[in-house]
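A.B. asks: The structure under discussion is supplied below as C-alpha cells; questions concerning it will follow.
Derivation of every value follows stated rules applied to the coordinates shown; laboratory data play no part. None of the values given here were measured: they were computed from a predicted structure. Cβ placement follows ideal geometry from the backbone for every residue including glycine, while neighbour counts extend to all protein chains displayed.
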There are 2 protein chains.
Amino acid sequence: MPGELRPVLIDGRWRPACATGSFRAFDPSTGEEVGDAFPVSDWADAQQALEAGARASEALLDVPADGIAAFLERYAERLEARADEVVAMAALETGLPAPTRLAVAELPRTTNQLRQAARCAREMDWARPVVDVSSGIHSCFGALDGPVVVFGPNNFPLAFNGVSGGDFAAAIAAGNPVIAKAHPCHPGTTRLLAEEAHRAAEECEMPVGTVQLLYRLGHAEGERLVSHPLVGATGYTGSRAAGLHLRTAALQAGKPIHLELSSVNPVFLLPGALDERSAEIVDELRNSSLLGTGQFCTNPGLVVIPAGPGGDAFATALVGLLAEAPAGLLLGRGVLRNLGDAVRVVREAGAELLLGGAPVEGPGFRYQNTLLRVSGQRFLERPRAFQTEMFGNACLIVVAADREQSVAIARQLEGNLTGCLYCHTDGRDDAAYGAVVRVLRRRVGRLLNDKMPTGVAVVPSMNHGGPFPATGDPGHTAVGLPASMLRFAALHCYDNVGLHRLPAPLRDIGPAGRVSPAKPPSHR
Amino acid sequence: MPGELRPVLIDGRWRPACATGSFRAFDPSTGEEVGDAFPVSDWADAQQALEAGARASEALLDVPADGIAAFLERYAERLEARADEVVAMAALETGLPAPTRLAVAELPRTTNQLRQAARCAREMDWARPVVDVSSGIHSCFGALDGPVVVFGPNNFPLAFNGVSGGDFAAAIAAGNPVIAKAHPCHPGTTRLLAEEAHRAAEECEMPVGTVQLLYRLGHAEGERLVSHPLVGATGYTGSRAAGLHLRTAALQAGKPIHLELSSVNPVFLLPGALDERSAEIVDELRNSSLLGTGQFCTNPGLVVIPAGPGGDAFATALVGLLAEAPAGLLLGRGVLRNLGDAVRVVREAGAELLLGGAPVEGPGFRYQNTLLRVSGQRFLERPRAFQTEMFGNACLIVVAADREQSVAIARQLEGNLTGCLYCHTDGRDDAAYGAVVRVLRRRVGRLLNDKMPTGVAVVPSMNHGGPFPATGDPGHTAVGLPASMLRFAALHCYDNVGLHRLPAPLRDIGPAGRVSPAKPPSHR
C-alpha cells in the first residue's frame, strides 16, 4: 500500500513516507478524484525533516549569498523549462484557467519572485546593517536558528506554494532551509515544483535538506511541528481557525509564526464617485470580485455605498453584471461548503439576498455569484457577524445613511489586508475621504484610492499584511522583497567583535566611521 | 480610605483611583514600608484609561513630528530640573546607589534616551519610507491604532520605567499614547516621573491622555488590559511567568505584545584567554556580575570555563573576590525569595555550592554573593534546570571537559539577550571561537568578544533582544533607536494614493530614498 503512494522529499532524497493514510486531489470541474495518491505523513517523517533541516540550517552558514542567489535563479530557470507541465497540473487540480492566469500571470510572478529574492540575497541590504565604529557595536539581520516551515494556501498553487512561493523565496533568501507542507488541494503541482527545487539545489550544491516536502500531516502533528525546538519559524497562509491553533502551539513553545488569515477588504464608494462614474466603478468591482472566483486574499468582500438613488442604482447594476457572469469554479469541496455556511451566517444576521445564495447544481464545485445587502444601522448592531469572510464569489453591500455612519462602520472594522476609497476627481469627496481614511488607514495594511484591491504587485513598497485577523503582526508583510525576508530573520548584534569575525553584510558595508542604517553595502 | 491614596493619572488629570486595595513601597535596606500609599486600581480605571488613550491615539494623528519631539525634549528638561528629588526617591525605593548609579548613570541615560527618541521622531527615517514611483505604491511605518501599554520592570526605576524608559520613549516617538503600569517596587519614583511627563505634555499641548499612569492592577485586570480591543500593543519587561500569561491573553485577542523576559547571558572563557590574563578576566567578571547586585537583564549568570588548572585557578580566584565583596541590596522581598528558590533548583540539579547560598541575616533584602559549579557532563544531562535564571548576585560555573563539550553546552542553551566569548589575543583560540560561536551566535541577541555583557549602550546598532525566552521575537530590540520604535508601529502601504494624501515620511522623502527615482509622485 505505501508503495503506491508518491514519496516525500526528506533529507535530500525522495523516499517512501511513513504514512498513516493517503489522499488524492480533486478536479474542481467534475468533483472527482484525479492524479496520484499522496501520503499523509506520520510524525516520524516530520521528525526526520526537522533533524535534516537543523543540519541544513547550520550548513547554510557556510554558503555565501551568491550561492543562495544562484540556487534561486537556477530554480526559476528550471520552472520555466517545465512550465507547460506545471501549469497543466495546476489547472487540473485547482480549476484555475491555464491560459489567462496560470501561464501568463502566476508562473511568471513566481519565477520573478524567486529572482527578486536572489537579487536581495546578493545585495545584502535586506540585512539592514548598522555599523557604529565609535561604540564598536554593529548589527544586522541574519538567518534563524533552524528550518522554516511553510504552509501554503489553496488559492495560489504556484505564487504562494510552500515550495515555490513568497514565503519560500523569502525564507531561503534570508539563509534558511524550508520544510514545505503542501496544500491538499494541489499535491501533484507541489510535487512538480519540489522536484525542480530539489534538482536546482543539487546542481548548485546547496546543503542536503535545504528543501524538503511533506504532503500532509494530521492536526496534532502540524502543531507539534511548528512548536518543535528544532524549528526556526513558521509561515502560514490559510484559514483563520487552523492558523490560530498553529499559532497557539508555536507561541507556547516560543517559536515565531507568521500568519496570513482572513480579510474582507472593505471598499468605500463615496457619493461623488458614484455621481461621476458609477458604471465604470461597477465594472471594476465586478471584475475584481470575480477574479479567481473571488478566492483572492484581497477579494473586495464588503462594499460600503451611500444611501439614496446613486447607491441604489449602483447595487442594481452590480446585480445585473453578476447575474450575467458565469459562476466560476471553486478550489475544493471544503471551499464550497464554507462559502455556503458563511453566506448563511450573513443572511441570518439580517442581510438581504440580492442574488445567488446557493450552490450550482451539477458536477463540480460551483456556487452562484452572490450579492447581499444590509443597512448601515443593522451592520452596526452586529458588526462581527457581517464581517464573516465569505471566501469565494460572494459580496456584501452595506448602505451607509450618511458620512457619520460610514465613519462608524469603518470604526467597527477588524484588521484587513486592504481598504479602498473611491472619490470624485474634482475633490468634492475630500472631506468624506478625510473622515473615513482617518479610521480606515489603521485598520488595513494597504490603502487604495480609486483602485480595486486584487492584484498584489511584487515590489519593495508592497505591504501584503495588516492588523489582526488579516495577519498576526501589523509590522510585517508577506509580499514585497526584501521586507518580507525579515519575518524569517533574527537581529544579530556584535559588540567588540573584530572586523574579521563579522558577517558579510557588516564586513562589506563600505566607508567606516559612521552609523549608516539606510546605506546598502557594496556588492561583494 | 481612598482619599488617603495617591491619585492616578487618567484622561489628562490626576484623580482618585477606583481602588480595590492599596500598597506601599519598601526600603530594601530595612525591609520596612516607606512613603505614600498607592492604589490598586479596579477595572474601571483601566477602562477609562483605554477610552482616553484611544481618543489620544486618534488626536495624535494631527500632531506633527516636531510636536512629539518637542514634548520628549521638554520632558527630559523637566526631569533634569527635578533630578535630586527623583534620584533620592528612586534610591529610597530600590536601594540602588544614588551617587554612583542613579544620578550619574541612569538618569542621564533616561534623558538621553528621550532626546534620541525626539531626534528620531523628527528625522522620520525610523518610518523606513519606500517610494516606488513606477508602481505608484509607497509604504512606511506609522503609529498603531490605540494606546501602548507599558509594564516597566523593577531593576531600572528610571531608564526602563513604564513612564520614562525605553519602551515609553519608543512608543511616544512613533506617535502612540502610553498607558504606563508602574512597578510596585517604586511607585513614588514613578509618580514623580509621571508628574513631569504630564506637565511637559500640557506645556507642549499634547492631546489629553497622551500619558496615563496606573500604579497597580490585579492579574485578571492586567490580562484584560493587554487584550482589550482599544489597545494598540503592549511592552512588557519582567518575569517570565507573568509575561507569558499576559502574552497568551494578548495574542488570543490578536494584540501585539513585546516581551523582555529572562536571560542567563552565557560567557565562554576559552583556554588561551585564561592562560593569558586570568586575573584581569576574573576582575571583569566580578564587577559585571555584582553590578546592581546582579539584577541586570544582561547579568552574566552562566560562565563556561575549561577543565584543568587554568579553570580551577579562575574559579578559586572568583570565589575569593566574591567572598570579599559586600552583599548588595536586592530590590524587594520577592526578588530575595525567588533568588533563594532558584539557587535551590540549581543545587538540587547537582551543582556544587562554592560560596554563599543563603540570605544575609538581619534587616533588609540581602543574599550572600553566591557561586555554584557543575561539570559540563552533568549540565548536559539537565540543561534546562541549570539554565534557571538566578536573578541577583548568583552565578553558575560550568566546567567544560574540552572544546566539543563547550559546543555541546552552547547547543543546549535557550535564547539569551547576550553571549560572550573570551579569547587569547594571539589567535590561538580562533578555532575554538569558531566552533562555539557558530552555535552561540544564533542563541543570543548580542554577541560580545572579550567584553562583559552588562552595560547596554543606547546606540542605533544595539540589540537588546534575542530568541525566546529572552524576548518573544528575535527580530526586535527594546534598546537602540530608531529600531526599538518599530515594535510600536504598523506597516502602512499606499496604493494609487495622491501625494497630497500621503503621510509626512512619504511626502518629504528625498530622491535618495526612492526605489524608482524617476519623478515625484504625481497628483491625480
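A.B. asks: Could you tell me the relative contact order of chain A? Use alpha-carbon pairs under 8 Å, at least six residues apart, and round to a whole percent. Can you show the working numbers first?
C.D. replies: On the way: 1219 pairs, mean separation 94.3, N = 524.
Relative CO of chain A lands at 18 percent.
A.B. asks: Within a 10 angstrom radius of the beta carbon, how do A:395, B:297, A:204 rank from fewest other beta carbons to most?
C.D. replies: Values: A:395 29, B:297 25, A:204 18.
Least crowded to most crowded, the residues run A:204, B:297, A:395.
A.B. asks: Let me ask something else. How shielded is B:468-481 by partner chains, expressed as the average number of their Cβ atoms within 10 Å of its Cβ atoms? Walk me through the numbers on the way to the answer.
C.D. replies: On the way: counts 5, 1, 1, 2, 3, 7, 12, 13, 3, 3, 0, 0, 6, 0.
Neighbouring Cβ atoms belonging to other protein chains average 4 per residue here.
A.B. asks: If we hang a label 7 Å off Cα along the beta carbon direction at residue B:61, how far is it from the matching labels on the other copies, in nm, shortest first?
C.D. replies: 4.8
A.B. asks: In segment A:139-233, which GluC sites (Glu not before Pro) are in a loop and have at most 15 other Cβ atoms within 10 Å, using DSSP for the loop call? Walk me through the numbers on the way to the answer.
C.D. replies: Numbers: sites: A:195, A:196, A:202, A:203, A:205, A:221, A:223; in loops: A:205.
Sites meeting the loop and neighbour criteria: A:205.
A.B. asks: How many percent of DSSP beta bridges within chain A run antiparallel, rounded to 5? If you can, show how the numbers build up before the last one.
C.D. replies: Details: 27 of 66 bridges.
Given both bridge residues lie in chain A, the antiparallel proportion sits at roughly 40 percent.
A.B. asks: Would you kindly work out, in nm and rounded to one decimal, the distances from the label point of residue B:344 to those of the same position in each other copy, ordered shortest first, with label points 7 Å along Cα-to-Cβ?
C.D. replies: So the distances to the same position in the other copies read 5.7 nm.
A.B. asks: Also: What FRET efficiency would be calculated for the residue pair residue A:77, residue A:51, taking the C-beta separation as r and a Förster radius of 25 Å, to the nearest 0.05? All intermediate terms of the calculation are to be shown ahead of the outcome.
C.D. replies: Numbers: r = 31 Å, r/R0 = 1.22.
With R0 = 25 Å, the Cβ-Cβ based efficiency is 0.25.
A.B. asks: Quick one: order B:45, B:27 by neighbouring beta-carbon count within 10 Å, fewest to most. Present the calculation step by step, with values, prior to reporting the outcome.
C.D. replies: On the way: B:45 25, B:27 19.
If I rank by nearby Cβ atoms, fewest first, I get B:27, B:45.
A.B. asks: Also: Just rank B:33, A:260, fewest to most, by other beta-carbon atoms within 10 angstrom.
C.D. replies: Numbers: B:33 11, A:260 27.
Exposure proxy ranking, most exposed first: B:33, A:260.
A.B. asks: So, in the protein assembly as shown, how many Lys pairs have Cα atoms under 30 Å apart, if the pair is 8 or more places apart or on different chains?
C.D. replies: Within the protein assembly as shown, the lysine pair count is 10.
A.B. asks: Right, something else. Looking only at the protein assembly as shown, where both bridge partners belong to it, what percent of the DSSP beta bridges are antiparallel (to the nearest 5)? Intermediate results must be reported in sequence, preceding the final value.
C.D. replies: On the way: 54 of 140 bridges.
Of the beta bridges lying entirely in the protein assembly as shown, close to 40 percent run antiparallel.
A.B. asks: Under a crude label model (7 Å from the Cα following the beta-carbon direction), how far is residue A:133 from residue A:11 in nanometres?
C.D. replies: It works out to 4.9 nm between the two label points.
A.B. asks: Efficiency by 1/(1 + (r/R0)^6): what FRET value for residue B:84 and residue A:307, r their Cβ-Cβ distance, R0 = 56 Å, to the nearest 0.05? Show your work: numbers first, answer last.
C.D. replies: Numbers: r = 64 Å, r/R0 = 1.14.
Once rounded, the FRET efficiency stands at 0.30.
A.B. asks: Using Cα pairs closer than 8 Å and at least 6 residues apart in sequence, work out the relative contact order for segment B:72-131, in percent. Each step should come with its number before you reach the end.
C.D. replies: Working: 33 pairs, mean separation 25.0, N = 60.
Here the relative contact order equals 42 percent.
A.B. asks: Using the per-residue mean of other Cβ atoms lying within 10 Å as a proxy for protection, in what order, highest first, do the peptides B:316-322, B:18-24 fall?
C.D. replies: Values: B:316-322: 18.1, B:18-24: 16.6.
Going from most to least packed, we get B:316-322, B:18-24.
A.B. asks: While we're looking at this one, here's another question. PRE reach from residue A:361 (point 7 Å along Cα→Cβ): which of segment A:326-355 fall under 12 Å by backbone N?
C.D. replies: Answer for this model: none.
A.B. asks: Based on the Kirkwood radius over alpha-carbon pairs, what value in µm²/s does the Stokes-Einstein equation return for the translational diffusion coefficient of chain A at 4 °C and 1.567 mPa s?
C.D. replies: Details: Rh = 24.0 Å.
Diffusion coefficient, whole number: 54 µm²/s.
A.B. asks: Compute the orientation-averaged projected area for segment B:166-263 from the convex hull of its Cα atoms and round it to one decimal in nm². Don't skip to the answer; put the middle values down first.
C.D. replies: On the way: hull surface 26.4 nm².
Averaging across all directions leaves 6.6 nm² for the Cα convex hull.
A.B. asks: Residues of segment A:314-354 with backbone nitrogen within less than 19 Å of a virtual label 7 Å along the Cα-to-Cβ line of residue A:428, please, listed as ranges.
C.D. replies: What the label zone holds, given the 19 Å backbone N cut-off, is A:314-315.
A.B. asks: Which whole-Hz couplings ³J(HN,Hα) result when phi for each residue of segment B:440-457 is put into the Karplus expression 6.51 cos²θ - 1.76 cosθ + 1.60, θ = phi - 60°, listed in order with x for Gly and Pro?
C.D. replies: Calculated HN-Hα couplings, in order: 4, 3, 8, 9, 9, x, 10, 9, 10, 10, 6, 7, 7, x, 5, x, 10, 4 Hz.
A.B. asks: While we're looking at this one, here's another question. Rounded if a/c is under 1.5, else prolate if a/b beats b/c, else oblate: with a ≥ b ≥ c from the C-alpha gyration tensor eigenvalues square-rooted, which is segment A:271-328? All intermediate terms of the calculation are to be shown ahead of the outcome.
C.D. replies: Values: a/c = 2.27, a/b = 1.68, b/c = 1.35.
It comes out prolate by the Cα gyration axes.
A.B. asks: To continue, here is another question. Shortest first and in nm with one decimal, please list how far the residue B:404 label point sits from its counterparts in the other copies (point 7 Å along Cα→Cβ).
C.D. replies: 7.8
A.B. asks: Calculate the FRET efficiency for residue A:4 and residue A:508 from the Cβ-Cβ distance with a Förster distance of 45 Å, rounded to the nearest 0.05. Show your work: numbers first, answer last.
C.D. replies: On the way: r = 52 Å, r/R0 = 1.16.
Taking R0 as 45 Å, the efficiency between residue A:4 and residue A:508 is 0.30.
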